[in-house]
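K.L.:
Here it is, the structure in full.
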Amino acid sequence: MSRLFPISRWLVVDDSPEDTDDLVLAIEGLGGKVDTADSIKAAEKLLKKNIYDVCVVDCFYKGSTKWGVDLLPELRSTLPGLPVVMTSSSDDLELPGKVIRAGADVFCPKLKDSFSLTKTLGVAALQAIAIRRIKILEFDSRGPRELFLTKSTIDALEHSIRRKDERLLICGASGTGKTKISQHFAQQFLKQNFGTISRNIVYHNCCSKTEEENTRLLFGNNDNSSLQNQTSLQLTLFERAVGGVLILDDFQALTIEQQTKLKTIFDSETISTSLGDGMLPISLIKCVATCSTDSHSGILPGFLEAYAHREIDLPSIHELGNDLNKAIKFAFDEMYENKQEMQINYNQDVVSRILDLVSTHHFPANFRTLNQIIQNAVSQAHVDGRSQIYPTDIAVIGILKSNDQSTYHGKLSPKRSTPEALDGRYGDSLVKLINMGENFDEAKDLLRKIMINTASKKHGGNKSKIASALGISRQSLYDHEEENN
């Protein structure tokens, strides 16, 4: 049985030495190798350093307010494909249902008979793997539907998937889907090369951290004396991503000093480890980075060339050419697939109207803007009780700008006399709502977006400074931004 059982590396998290011994004995009977942790904190350290096939977690911990499911958020955020089996000797009949609803894959009772425990735990682990794979497949199947990708982009991504040590750079203007594509690529890379995405996918948004946090997470603490006094060791992003994928989102937000340090790392292909046991080869990590073409002026000369083995430039709407018709159809189909009740017809005149906008306006927000135009048109048709979208429903919104005064229905577009803070896609919508004298709640939401956008421009995207300027916490700022995505 030990030779045939398909699970080799296990992590057991249990604070009872007796129960841990029983579980280890059962797993060794299955031919597996076991690491043990007597607390959630100890388990988190092991999960950052090692790769496991299955994690077996006790439901309760003596003398602690935490219990096993408190480990699940960390597992699901960094290791979404890791199967989790929750165990307990409790006779609470509602406990299995509670842990499953909390995010565990399978519940396994702690049996005192060694043979029975080995058999039951083996079955539970296999069930957990099957369930987790189904959940991952369900998640993956939705990824491509969220994005419109040109054939050249798809081909470039597939080439990079086949090259494990190739560093990938995804560039594009705001709204081209850089973050979504990088995350979807990471899942597909692990799935095709390792058959699972339970390996680490470490995501880091350089814009969302302070300069000090970025330095610590990227390079660790170089002060050896303070490092020795730390009770817990903070691994760098590179160390956490060994054997998996590291996504560095918005490279351009890093300081010149940080970019210089990273350039040295990428030039040498190695990085020192926090554990002090030599140099870590970068080739052990699939590195994926994104960079906004709107901010190339802030990039250190030669930095992107030192990093990237392959660069993918995502096109903006006005660069799509013949693919624009496909992108418009994709946007309509995606909306209807998610909301069947919103099925509304449109004809070639509607598509032509969108094409006209592309020929006379700049689309820096890309697909986000295109989706907003279509959503606005569908909403207008619903308000009027129509089953058909008209070309007149396709209106210019704030983000769309033209150097000249374009005509619309034979009339000159009025010049904007609003303050600078109201420029952009939210500003025009707010002015329109105010002039209409209705929808007060939506106007408040738009005003909040304008204030966040204005503060973001003023403070260069620094989240801490933006939150301070607005008089809110960073968490509140993240909550507002999440609502808008």
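The values are calculated or read from the model by the stated rules, or taken from the named source; none is laboratory data. No experiment lies behind these values; they were computed from the predicted model shown. Positions of Cβ are backbone-derived with ideal geometry, glycine not excepted, and every protein chain shown enters the neighbour counts. Heavy atoms of the whole protein, side chains included, go into the accessibility calculation; ligands, DNA and RNA do not. Shrake-Rupley method; radii C 1.70, N 1.55, O 1.52, S 1.80 Å.
K.L.:
Going from most exposed to least, what order do Tyr203, Tyr307 have by accessible area with a 1.4 Å probe? Show your work: numbers first, answer last.
P.N.:
Values: Tyr203 90, Tyr307 5 Å².
Sorted by accessible area, descending: Tyr203, Tyr307.
K.L.:
Quick check: net charge around Val99, other residues with Cβ under 12 Å of its Cβ, Lys/Arg +1 and Asp/Glu -1? Could you put the intermediate results ahead of the total?
P.N.:
Working: positive: Lys98, Arg101; negative: Asp58, Asp70, Asp92, Glu94, Asp105.
Taking every other residue near Val99 into account, the sum is -3.
K.L.:
Would you kindly derive the ³J(HN,Hα) couplings of the stretch 381-394 from the backbone phi angles with the Karplus curve 6.51 cos²θ - 1.76 cosθ + 1.60 (θ = phi - 60°), listing them in order in whole Hz, with x for Gly and Pro?
P.N.:
5, 5, 4, 7, x, 9, 9, 9, 8, 9, x, 5, 6, 7
K.L.:
Show me 117-126, 296-305 ranked by packing, highest mean number of other Cβ atoms within 10 Å first. Don't skip to the end; give the middle numbers.
P.N.:
Numbers: 117-126: 19.6, 296-305: 13.7.
By packing density, highest mean first, the sequence is 117-126, 296-305.
K.L.:
Additional query: What does the charge add up to near Thr118, with Lys and Arg as +1, Asp and Glu as -1, over the other residues with Cβ less than 10 Å from its Cβ? Could you put the intermediate results ahead of the total?
P.N.:
On the way: positive: Lys119; negative: Asp22, Glu28, Asp113.
Neighbour charge sum, excluding Thr118 itself: -2.
K.L.:
Let me ask something else. Quote the accessible area belonging to His184 in square angstrom, nearest 10, computed with a 1.4 Å probe and with ligands, DNA and RNA left uncounted.
P.N.:
Surface open to solvent at His184 totals about 30 Å².
K.L.:
So what's the net charge close to Asn214: Lys and Arg +1, Asp and Glu -1, counting the other residues with Cβ under 14 Å from its Cβ? Numbers along the way, then the final one.
P.N.:
Working: positive: Lys209, Arg216, Lys261, Lys463; negative: Glu211, Glu212, Glu213, Asp249, Asp250, Glu257.
In short, -2.
K.L.:
Amide H to amide H under 5 Å from Asp313: which residues, 5+ apart in sequence or cross-chain, H placed 1.01 Å off N in plane?
P.N.:
Counting only residues 5 or more places away or on other chains, the set is Cys171.
K.L.:
Which peptide among 88-97, 107-116 comes first, and what is the full order, when sorted by highest mean count of other Cβ atoms within 10 Å? Before the final figure, lay out each step's value.
P.N.:
Numbers: 88-97: 12.4, 107-116: 14.7.
Sorting 88-97, 107-116 by mean packing, highest first, produces 107-116, 88-97.
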